[in-house]
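Down below is the structure, laid out as C-alpha cells.
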Amino acid sequence: MQIVKIRRVGNSNVVTLPHQLEAAGYTAGTSVVIEQTAEGHLLLMPVTSVRERIRAIGRQVVNEDREALALLAAVDRGDANRTE
C-alpha cells in the first residue's frame, strides 16, 4: 500500500499511480473506468476488464432470478399456460 495525494491539473483532479502497477497493465495511455461504490470508495479498472465484469454480473443475475426470467420469456413467447 502506498499513500498518494490528489493533485489539481488544469480543471481535473489527478491521482498518480505507483510504477509498480504497470505490471498489472496500468501504463500511460491505458483507458480505465472509475466507479464510485455505495460506501464512497473508488473502483478503478482497465476498460478491457469491464466486459468480464458485465458478464459476471449477468451470470449472477440469471442465477438469482432464473424463475422470473423464465416467466418473462414465456410471456414473450405468448405461452399463457407457462405464466399461470
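General observations
To keep it simple, each residue is scored yes or no on (1) loosely packed, with under 12 Cβ neighbours inside 10 Å; (2) more than 29 Å from LEU17 (Cβ to Cβ); (3) touching a strand residue (DSSP E or B) at 6+ places or on another chain (Cβ under 8 Å); (4) in contact (Cβ under 8 Å) with a residue 40 or more places away in the chain.
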| position | (1), (2), (3), (4) |
| --- | --- |
| THR27 | no, no, no, no |
| THR30 | no, no, yes, no |
| VAL33 | no, no, yes, no |
| HIS41 | yes, no, no, no |
| ARG51 | yes, no, no, no |
| ALA56 | yes, no, no, no |
| ASP65 | no, yes, no, no |
| LEU69 | no, yes, no, no |
| ASP76 | yes, yes, no, no |
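The rows are residues; the columns are (1) part of a helix (DSSP H, G or I); (2) at pLDDT 90 or above; (3) in contact with a helix residue (DSSP H, G or I) (Cβ under 6 Å, 6 or more places away or on another chain).
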| site | (1), (2), (3) |
| --- | --- |
| ASN13 | no, yes, no |
| LEU21 | yes, yes, no |
| GLY29 | no, yes, no |
| GLU39 | no, yes, no |
| ALA70 | yes, no, no |
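The values are calculated or read from the model by the stated rules, or taken from the named source; none is laboratory data. For clarity, every value in this text was computed on a predicted model and none was experimentally measured. Positions of Cβ are generated from backbone atoms using ideal geometry, with glycine treated the same way; all protein chains shown enter the neighbour counts.
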